[in-house]
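One structure is given here, and the rest of the page talks about it.
The values are calculated or read from the model by the stated rules, or taken from the named source; none is laboratory data. The structure displayed is predicted, hence computed values, not measured ones. Counting neighbours? That spans all protein chains shown, and the Cβs are built from the backbone with ideal geometry, glycine included.
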Amino acid sequence: MIEERWFALGKASDYANLDGVDFREYQFNIIRSIFSGKNTLVILPTGLGKTLIGVFAMAKAIADGKKAMFLSPTKPLSEQHYETLKRSLKINDGGMALLTGALGTKKRKVAEDSAQVMVATPQTVMNDMKKGSLSLDDFGVIVFDECHRAVGKYAYTYVANEAWLKGTQILGLTASPGSKKEKIEDLLATLHINRIEIRASTDPDVAGYVMAKEMRVISVQKSHRIEEAADLLKPLIEENMSVLKKLGLMPFKRFESMPKGSLIGIGDEIRKLQAPNYRFAAMAAYIKLLNLTHAYDMLETEGFYPFSSYLHSLYAKEKKSKALESLLRNEGFGKAKRIIDSAIEKGEEHPKVTELIGLLNARKGRKAIVFAQYRSTITMLVKKLVDSGLNARAFVGKRDGVTQEAQKQTIEDFRRGAFDVLVSTSIGEEGLDIPNVDTVIFYEPISSEIRNIQRKGRTGRHYSGEVIFMMARGTKDEIYFFMSKRKEAKMMRTVENVKRELDKENRLERSLSAGQHRLL
């Protein structure tokens with residue numbers, strides 16, 4: 001059964017498979033706006049049908065006798081969208097091609113010449129365009145999925161610029177463009193955007209389709225073991241901060257409030273120093289501080305095993321700088337390591353782990369994703385969860401030696417219920433066809449509003465869900481939690497402000513154009 005209101009979109013509706021597709025007014029209005037031909041950025045909360053909007057943009061191009069392209073950042077994402085678009089677009093057999101690096105050059109060339117619709121990774125398209133085997137001359141629209149990635153030298157940037165030069169319409173889709181005005185403006189410039197369509201989950205035409213998400217914060221008190229080892233690391237951190245402060249390179253009074261990005265920035269400043277002795281002293285203190293603060297954060301917010309694993313990796317390095325060798329010989333540093341190694345031998349772990357096991361046991365049989373930052377944390381969590389009788393598996397990226405085929409198999413097993421708990425790195429945040437889950441758990445809060453939105457979007461897609469943030473009191477967990485919350489609220493305000501400025505420019509452009517027409 002097809003909802004007749006879709007037919008108001010004209011010939012494009014003839015090329016979209018609308019059987020059983022609910023009519024949603026916000027989608028209809030956004031699609032109609034895109035049909036004006038403007039390059040458009042669509043910002044919609046996760047799970048509210050951005051792909052259908054892309055389908056209609058492509059259907060319009062096909063109806064106009066043009067080709068269409070859908071770009072996704074990764075091969076698995078492209079494969080997922082290829083399957084979706086095969087079901088969603090009405091085109092002849094062989095009229096759609098999947099273009100990734102897995103397809104040989106000659107076969108890609110044949111597909112590029114014959115296909116009406118292409119689903120591809122941007123790197124593949126960029127490479128073929130540079131070689132001259134692919135031209136955008138006949139394309140009506142290119143859809144950029146997860147378009148917030150269009151920054152710097154990323155392939156999206158090149159393809160978007162070529163599309164703009166050819167007059168091909170650009171459609172960017174994202175749930176989270178970022179909270180900084182400069183970043184959003186850079187995104188608009190990169191994609192040559194001149195119209196923004198944004199909807200928040202609280203907007204009247206959207207609210208009825210947003211599934212409820214219960215947000216909870218679980219705070220745990222740091223254990224005596226953590227405090228004991230942390231008290232040995234603190235003086236070492238403060239000592240090296242003091243060295244950098246005397247050299248005029250440390251703007252922070254307390255290391256707890258020092259963002260990791262700012263710390264990395266200090267390293268960049270040190271490398272620019274001209275005086276060798278001055279640079280050497282600063283770099284020695286910086287190397288120690290970098291390793292100490294990371295170890296400290298692992299201890300306080302991640303767990304005993306991740307902390308110990310990191311320290312063991314430092315001791316195991318074949319080539320060590322003099323600064324690192326000095327740190328590893330330090331009595332307090334060695335004592336902190338021995339305290340935690342002893343705790344691990346006795347079966348102890350971070351209080352978060354006990355709390356997590358309790359949370360998941362209370363939800364046994366329901367699907368959950370636990371997000372964690374580090375591979376060592378995930379290794380530890382999966383072992384602890386399985387040992388406690390929970391059915392959990394790790395989901396990590398290619399950098400950890402896992403192939404894309406193995407990743408797909410893990411997701412398929414999760415979908416069919418072979419296990420209930422997916423413990424994932426950031427690879428599970430964006431785009432992959434992970435089934436809707438009942439619960440998303442942040443093992444540690446993160447400061448990025450983009451990644452925060454992506455993670456939360458893994459639940460509450462088709463039915464209500466819950467999001468749980470785990471925090472260790474008095475640690476960076478609390479700072480990052482409130483930071484991402486502020487950034488997320490700021491993102492909507494910033495986008496709305498940029499949209500108003502863009503709309504004002506468009507009105508002025510139309511007014512000037514109308515004035516010139518009257519003069520003629």
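Quick notes on this structure:
- When the criteria are applied in full, Gly47 meets the requirement of being in contact (Cβ under 8 Å) with a residue 60 or more places away in the chain, small (Gly, Ala, Ser) and within 30 Å of Lys456 (Cβ to Cβ).
- Subset of the range 87-115 [under 18 Å from Met129 (Cβ atoms) and touching a residue at least 24 places away in the same chain (Cβ under 8 Å)]: Leu99, Thr100, Gly101, Thr105, Arg108, Lys109, Ala115
- Tally, over the range 464-513, of residues that are in contact with an Asp or Glu (Cβ under 6 Å, 6 or more places away or on another chain) and within 24 Å of Glu197 (Cα to Cα): 4
- Of the residues making up the range 104-118, one or more are assigned to a strand (DSSP E or B) and within 20 Å of Ile34 (Cα to Cα).
- Just so you know, in the range 215-231 the residues that are of a type outside the set (Val, Ile, Thr) and in a strand (DSSP E or B) include one that is farthest from Gly465 (Cα to Cα), and it is Ser219.
- Hits in the range 345-381 (condition: more than 22 Å from Met471 (Cβ to Cβ) and surrounded by 18 or more Cβ atoms within 10 Å (Cβ to Cβ)): Lys367
- Close pairs from the range 235-246: first within 18 Å of Ala336 (Cβ to Cβ), partner of a type in the set (D, E, K, R), Cβ under 7 Å, at least 6 apart: Asn240/Lys288
- Residue list for the range 254-276, restricted to those being surrounded by fewer than 17 Cβ atoms within 10 Å (Cβ to Cβ), part of a helix (DSSP H, G or I) and modelled with pLDDT under 85: Ser257, Lys260, Gly261, Ser262, Pro276
- Residue in the range 351-365 that is in a loop (DSSP other than H, G, I, E, B) and touching a helix residue (DSSP H, G or I) at 6+ places or on another chain (Cβ under 9 Å) present: no
- Extreme residue, surrounded by the most Cβ atoms within 10 Å (Cβ to Cβ), among residues of the range 239-253 that are of a type outside the set (Val, Ile, Thr) and in a helix (DSSP H, G or I): Asn240
- Number of the condition not met by Met215 [criteria: (1) over 29 Å from Ile450 (Cβ atoms); (2) of a type in the set (A, V, I, L, M); (3) surrounded by fewer than 14 Cβ atoms within 10 Å (Cβ to Cβ)]: (1)
- Filter result (acidic (Asp, Glu), closer than 24 Å to Glu405 by Cα and surrounded by fewer than 17 Cβ atoms within 10 Å (Cβ to Cβ)) within the range 63-114: Glu83
- Of the residues making up the range 157-187, those that are out of contact with any Cys (no Cβ under 7 Å at 6 or more places or on another chain), at pLDDT 95 or above and closer than 24 Å to Leu48 by Cα are Gln169, Ile170, Leu171.
- Test for Lys234: is it closer than 17 Å to Glu300 by Cβ, in a loop (DSSP other than H, G, I, E, B) and modelled with pLDDT of 85 or more: no
- Only one of Ala57, Ala68, Ala97 that is assigned to a helix (DSSP H, G or I) and either of a type in the set (Gly, Ala, Ser) or modelled with pLDDT of 95 or more (or both): Ala57
- Filter result for Leu356 (under 22 Å from Asn452 (Cβ atoms) and either at pLDDT 95 or above or of a type in the set (Gly, Ala, Ser) (or both)): yes
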